[in-house]
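Below is one structure, written out as structure tokens; comments come after it.
The values are calculated or read from the model by the stated rules, or taken from the named source; none is laboratory data. What you see is a predicted model; the values in this text were computed from it and never measured. Because the Cβ atoms are built from the backbone with ideal geometry, glycine has one as well, and the counts that use them run over all protein chains shown. Calculation scope for accessible area: heavy atoms of the full protein, side chains included, ligands and nucleic acids excluded. Shrake-Rupley method; radii C 1.70, N 1.55, O 1.52, S 1.80 Å.
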Amino acid sequence: MENKNKNSEALKRIESELKKCVKCGACRAHCPAFATFGKEPAVARGKVALAQHLLKGDIELDDATYSAMSKCLLCGSCVEKCPNNVPTDEIVMVAREALSNQRGLTTFHSAVGRVIANRSLMKFGAAAARILGPLFFRKVPETSGLRLRFPLPFVGGKRHIPPLAKKPFLERHPEVIPGEPGKPRIVYFVGCMTNFCYPQVGEAALALFRHLGCTVIIPKNQQCCGLPGMSGGDLDTVRELAEANLAALEKYEADYIMTACATCGGALHKFYPNLIGKRHPALAARLKAVADKTVDAAQLLHKLGLKPEETGAGNEVRITYHDPCHLRTRAITSQPRELLRGAPGIELAEMEGADKCCGLGGTFNVYHYESSLAINKMKSAAIIKTGAQAVATGCPGCMMQLSDGLKQHGSSVQVVHTLQVLARRLLKS
Amino acid sequence: MLSQKILDELKKIVGPDNVATDRQDLICYGYDATQMEFLPDAVVHPGSTDEVAAVLKLANAAKFPVFPRGAGSGFTGGALPKGGGVVLVVTRLNRILRIDTENLIAEVEPGVVTEQFQQEVEKLGLFYPPDPASLKFSTLGGNVAENAGGPRCVKYGVTRDFVMGLEVVLPTGEIIRTGGETYKGVVGYDLTRLLCGSEGTLGVITKIIFKLLPLPEAKKTMLTIFDSIDGAAKAVSTIIGNKIIPTTLEFMDYATLQCVNKRFSLGIPDNGRAVLLIEVDGDRDLIEKQATRIQELIKPLGLVECKIAKDAAESEALWKVRRLVSPSLRDVNPDKFNEDIVVPRSKVPDVIRVIEKIQQRYDIPIVNFGHAGDGNIHVNVMIDKSVPGQEEKAHKAIAEIFQAALDLNGTMSGEHGVGLAKQPYIHLELKPAQVAAMQAIKQALDPNNILNPGKMFPVGQQCAPE
Ligand SMILES: Cc1cc2nc3c(=O)[nH]c(=O)nc-3n(C[C@H](O)[C@H](O)[C@H](O)COP(=O)(O)OP(=O)(O)OC[C@H]3O[C@@H](n4cnc5c(N)ncnc54)[C@H](O)[C@@H]3O)c2cc1C
Ligand code: SF4
Ligand code: SF4
């Protein structure tokens, strides 16, 4: 009963958003989930229709609803292209929350489901550890979103996973790295993937912003952004993480909150205020303030006038660029390209469908690994076709997915973060 | 309701994964781009012409209704399963079978998305002009069934003008071919033309042979702003009268401009009352000449400003003005009735004036834009359904708008068809003898009235009297 009320409340909150959909079908052209499954329940329009009927109470939170709602990468392509700005990604998250409330552990048979069904931060970590076992995660704290990114079915499978860093990024530096007076003060929100798997991205970010004279602050007690939890509908855990992150990010006065992870940026900039702010009014103003300050690293470097010719020398190399969904949907597409194009020795070759999702999609690749691979296959083919030696992108999540896909194709194309390309000289010296 | 036996038969025909009866699936195939919704009893996704034929044979024997469906982007409810039955989704039939660069024809399955087809032929230097605004998601089968049109119709014509032949499954389950691969052919009745625009009531289209053109070398886009709707309309007839047929001649009236301007600053001067978006295509030299000539011709007609795109990016920026119309409309009122009347080109200002009067009389906002080149106007009656009485008012206004178009020798639909939405008004345009002739055709091809029943003709007059 309690869950039922909670669910209808949650759905009621998005009622006006649901009404905006006029069923035109435009999202059919842009939804990667629909492109692989081919049937209407998988497209944004179908999911919105189902959420409308859930609200009316004439369908149940049963397997068929679960199946439809699981077929979403939360890529936001539909929102971006919808003439009426229907936020299908958020609607799906709310529906998934309702599903996990209602059906709990049994439906969410995957490891991620079991992890996120445990409410408290403590239990959430403990469950993760129990399920994932010691083999891979010994060094990863229990509250890390990384555990959600790599649930059991992955570990040991044919999937290629980046090795864990010897020392996580957050443990490598002091909390405050002072810059020149009068230059911007930046709080760096690092994110789990960078911290544990790709610390070199963090190093590149640090080198670049120090090069510009900025003060960089890396709060030690920052947590996972929670997007993997959001993706599974565990909005309570996300709220806890959001609160913890608010405390960490508000501790210092800063001009910008910077992320070099598109996913974290999407969480801080969009999903926190829209999903958590709306349901927890007490947090709304603080979340909005953080959202307003949140910028992507490439966006900020561009704004601060980084001259890649001072930083980016290296071998001649042909690079292609993949747009992470959570940058593209925030209209951050030209800045990384302009920076890359300006770097000496770089030839930027556009791939076909650079703006198409890589197929990772939060927990999507757990539930629908085959479809995720199918989406990824098109991406890999497009990358290989450019003849580039490397593919750059702005999201460590995409980096992992792209490497996996390329390796499975036997390709030797390297996967790098835009910042790594830009900081080549700085890191060498 | 369908019996378990029929469901089992359907599963035998198309495979169990391609028959859906979960309420969720029924919901997802119960809507289209109208705001109507009807739940089917089952959704079937055939994978071949033979499977379509077997489904229709079964339906004809067991007498259950079948509703063909493409992308469900129709504006008149043509694919909606009113009364229940089986929705037959043809989107699994989505292969481009061949593109013949020697004979300039292509053969496709109906589930191919229009834009994908355009892109594939353009890669070969060929051109498939029909371009409904829904081309990124609507299907070619749906386009043929609705005889879809778009901005390029002025110069190139509608979908029908590119269909050379069809493979069709008749309601009785027989598979026939109509037309063919030759440009000429006069043996028998022209069933191809009959089926184009038949809204899925006479047969299920399973293959289409299209005629293709060579891809024009270049195009040029101009945004022209006039101080009156008459000026814009006069510009259309002047350009065409001087033997230049542009690819597109899209117009937006004052209400539309205000609407868009509210949300996006378009930089339209204060005295701008109407906009014409003009595009010409062809050889590079030719379009330069045409653009210059068009400017000369329209200058005396109250031209306030003329912006000419220098490259593709600038052209896209000009088109954006037109594309912004649809999303801006919601600011006027949350609900809309989008009608698509057509009048002879020269009558566009007349019909706009009548519509203005109707708008004042009923006191509901009406926004007009559309394809001035072929007199096809999208009349958007903007209402708020939650306000009591508004919907009734809108229906009355719409009936008067249709009558106005007919009085000016026009028609009440240029591209969206009749479906369910325009059924109540069909008698305004078609005389009893015309309707009887059409119903006789329906009766002959679909004796048990199983294919898309209840569409086009008002219920109760579905079949010709015995
Ligand atoms: C945003 C938007 C813009 C639009 N712009 C235009 C426009 O510019 N011009 C225009 O003409 N239309 C336009 N439309 C209307 C619509 O897109 C067209 O009518 C389109 O042709 C429908 O194609 P569909 O695949 O979605 O067909 P559906 O909506 O699925 O079906 C439409 C009709 O065709 C029948 N049908 C579908 N497939 C078959 C088949 N294989 N065999 C037999 N019958 C079949 C159905 O039974 C139904 O009666 C627009 C719609 C939207 C939402
Ligand atoms: S979600 Fe947006 S694009 Fe998709 S059908 Fe609804 S209104 Fe159209
Ligand atoms: S967020 Fe992406 S996957 Fe989900 S419905 Fe929208 S377009 Fe499809």
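Under the classification rounded if a/c is under 1.5, otherwise prolate if a/b is larger than b/c and oblate if not, where does segment A:307-426 fall, given a ≥ b ≥ c as square roots of the Cα gyration tensor eigenvalues?
prolate
Using only the Cα atoms, work out Rg/Rh for segment B:29-115, with Rh taken as the Kirkwood radius, to two decimals.
Radius of gyration over Kirkwood radius for segment B:29-115 works out to 1.05.
Once the dipole of the protein assembly as shown is set up with Lys and Arg at +1 and Asp and Glu at -1 on Cβ about the Cα centre, which of B:Gln439, B:Ile355, A:Asn101 lies farthest towards its positive end?
A:Asn101
Counting heavy atoms of the protein chains only and a 1.4 Å probe, report the per residue accessible area for chain B as a whole number of Å².
Accessible surface, normalised per residue, equals 42 Å².
When the label point is put 7 Å from the Cα of B:Lys320 along its Cα-to-beta-carbon vector, which residues of segment B:260-291 have a backbone N closer than 12 Å?
B:264-267
In degrees, nearest 10, range 0 to 90: what is the angle between the Cα axis of helix B:390-407 and the longest Cα principal axis of chain B?
80
List the lysines whose alpha-carbon lies under 28 Å from that of B:Lys357, not counting same-chain residues fewer than 8 positions away?
Straight-line reach from B:Lys357, under 28 Å: B:Lys234, B:Lys262, B:Lys336, B:Lys347, B:Lys385, B:Lys393, B:Lys396, B:Lys422, B:Lys431.
Determine, for segment B:54-142, the count of lysine pairs separated by eight or more sequence positions (or lying on different chains) whose alpha-carbon distance falls under 28 Å.
4
Evaluate E = 1/(1 + (r/R0)^6) for B:Ala312 and B:Lys5, where r is the Cβ-Cβ distance and R0 equals 60 Å; express this FRET efficiency to the nearest 0.05.
E between B:Ala312 and B:Lys5, to the nearest 0.05, is 0.55.
How large is the convex hull of the C-alpha atoms of segment B:96-214 per residue, in Å³?
It is 99 Å³ per residue.
Please report, in whole Å, how far the alpha carbons of the protein assembly as shown spread along each principal axis, starting with the longest.
Taking the Cα atoms of the protein assembly as shown, the three principal extents are 87, 71, 59 Å.
With no solvent and one equal point scatterer placed on each C-alpha of chain A, evaluate the Debye formula and give log10 I(q)/I(0) for q = 0.07, 0.08, 0.14 Å⁻¹, two decimals.
-0.31, -0.41, -1.34
Run the accessible area of chain B with a 1.4 Å probe and give the carbon-and-sulfur part as a rounded percent.
52
Looking only at trypsin sites (Lys or Arg not before Pro) in DSSP loops with at most 16 other Cβ atoms within 10 Å, what is the longest site-free stretch of chain B?
It works out to B:96-183.
May I ask you to give the percent of accessible area on chain A that is carbon plus sulfur, with a probe radius of 1.4 Å?
Taking all protein chains in place, chain A shows 54 percent carbon and sulfur surface.
Under a straight-distance cross-link criterion of Cα-Cα below 12 Å, which aspartates and glutamates are reachable from A:Lys4, leaving out those fewer than 8 residues away in the same chain?
Within the straight-line limit of under 12 Å, A:Lys4 reaches these aspartates and glutamates: A:Glu60, A:Glu97.
Give me the angle, in degrees from 0 to 90, between the Cα long axis of helix A:281-293 and the longest principal axis of the Cα atoms of chain A, rounded to the nearest 10.
Value to nearest ten degrees: 30.
Towards the positive end of the charge dipole of the protein assembly as shown, with charges on Cβ (+1 Lys, Arg; -1 Asp, Glu), say which of B:Gly417, B:Val90, A:Pro228 has the farthest Cα.
Looking along the dipole axis, the top candidate is A:Pro228.
Rounded, prolate or oblate: pick one for segment B:218-327, where a ≥ b ≥ c are the square roots of the eigenvalues of its C-alpha gyration tensor, a/c under 1.5 means rounded, and failing that, prolate if a/b is larger than b/c, else oblate.
Oblate, because a/c is 1.5 or more while a/b does not exceed b/c.
Give a quick list of GluC sites (Glu not before Pro) in segment A:1-54 that DSSP marks as loop, anything other than H, G, I, E or B, with at most 14 other Cβ atoms within 10 Å.
For GluC sites (Glu not before Pro) across segment A:1-54 that sit outside H, G, I, E and B with at most 14 neighbouring Cβ atoms in 10 Å, the list is empty.
What is the total of Lys pairs in segment A:307-426 with C-alpha atoms under 21 Å apart, excluding same-chain pairs fewer than 8 positions apart?
Number of lysine pairs found: 8.
Report the calculated FRET efficiency for B:Lys211 and B:Glu120 (r = Cβ-Cβ distance, R0 = 22 Å), to the nearest 0.05.
Taking R0 as 22 Å, the efficiency between B:Lys211 and B:Glu120 is 0.90.
Accessible area drop of at least 10 Å² (1.4 Å probe, protein heavy atoms): which residues of segment B:129-168 qualify, relative to the chain alone?
At a threshold of 10 Å² (probe 1.4 Å), the residues of segment B:129-168 that become less exposed are B:Lys136, B:Phe137.
Give the Cα extents of segment A:2-104 along the principal axes, in whole Å, largest first.
On the principal axes, segment A:2-104 reaches 39, 26, 21 Å in Cα extent.
Over all alpha-carbon pairs in segment B:119-187, figure out the percentage whose distance exceeds 14 Å.
Value for segment B:119-187 (Cα pairs over 14 Å): 67 percent.
Accessible area per residue, 1.4 Å probe, Å², for chain A: what's the number?
Each residue of chain A exposes 37 Å² on average to a 1.4 Å probe.
Once A and B are treated as a pair rather than alone, how much accessible area drops out, both sides summed, in Å² to 100, probe 1.4 Å?
Its buried surface, counting both partners, is about 2100 Å².
Of all the stretches in chain B, which is the longest one without any exposed loop site, taking chymotrypsin sites (Phe, Trp or Tyr not before Pro) in a DSSP loop (any state but H, G, I, E, B) with at most 11 other Cβ atoms within 10 Å?
B:190-466
When a/c is below 1.5 the answer is rounded, else prolate if a/b is larger than b/c, else oblate, so apply that to segment A:247-294 with a ≥ b ≥ c taken from the square roots of the Cα gyration tensor eigenvalues.
oblate
Which of the GluC sites (Glu not before Pro) across segment A:44-101 are loop residues per DSSP, with 16 or fewer other Cβ within 10 Å?
Here the sparse-neighbourhood loop sites are A:Glu60.
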